[in-house]
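The structure under discussion appears below in the form of structure tokens.
The values are calculated or read from the model by the stated rules, or taken from the named source; none is laboratory data. The model shown is predicted, which means the values in this text are computed figures rather than measured ones. With ideal geometry, Cβ positions are generated from the backbone for all residues, glycine too; neighbour counts draw on all protein chains shown. For accessibility, only protein heavy atoms count, side chains too; no ligands or nucleic acids. Shrake-Rupley method; radii C 1.70, N 1.55, O 1.52, S 1.80 Å.
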Amino acid sequence: QVQLVESGGGLVQAGGSLRLSCAASGNIVIFNAVSWFRQHPGKQRELVATITRGGISNLEDSVKGRFAISRDNARNTVYLQMNSLKPEDTAVYYCGAGTVSQYYWGQGTQVTVSS
């Protein structure tokens with residue numbers, strides 16, 4: 001059973017930066033892709049960014065130019081670098097990844113951006 005553990009959240013002022021980490025307990029290359037999602041209070045979880053096993057990344061329009069996703073296979077970790085943060089980026093951020101048989105979620109990490 002693979003576990004995903006997020007870290008790096010916290011409180012930051014608008015315009016600041018944070019780097020989130022998603023560490024897998026096993027070999028992260030078993031996943032076709034690893035994604036970051038976020039969930040605003042009272043809303044559904046939404047996709048933020050995805051990176052494939054081969055390193056191809058995709059970011060949603062709301063974060064393009066501000067966020068970047070990367071991976072370090074040797075550390076079994078995927079990162080989400082968040083720059084120029086806005087109050088509307090405040091959410092719980094989750095990483096998720098799947099195999100052919102199961103989709104895994106981390107426990108989430110809170111990001112709060114103050115104005």
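Could you say which residue among A33, A23 is open to solvent by less than 60 Å² (accessible area, probe 1.4 Å) and touching a helix residue (DSSP H, G or I) at 6+ places or on another chain (Cβ under 8 Å)?
Details: A33 fails: touching a helix residue (DSSP H, G or I) at 6+ places or on another chain (Cβ under 8 Å).
So the residue among A33, A23 that is open to solvent by less than 60 Å² (accessible area, probe 1.4 Å) and touching a helix residue (DSSP H, G or I) at 6+ places or on another chain (Cβ under 8 Å) is A23.
Restricting to the stretch 76-103, name every residue that is assigned to a strand (DSSP E or B), of a type outside the set (A, V, I, L, M) and touching a residue at least 60 places away in the same chain (Cβ under 8 Å).
Once the filter is applied, which keeps residues that are assigned to a strand (DSSP E or B), of a type outside the set (A, V, I, L, M) and touching a residue at least 60 places away in the same chain (Cβ under 8 Å), the stretch 76-103 yields Y79, Q81, Y93, Y94, C95, G96, G98.
Looking at the stretch 107-114, is at least one residue more than 15 Å from the chain's Cα centre (by Cα) and buried (at least 18 other Cβ atoms within 10 Å of the Cβ)?
Within the stretch 107-114, one or more residues are more than 15 Å from the chain's Cα centre (by Cα) and buried (at least 18 other Cβ atoms within 10 Å of the Cβ).
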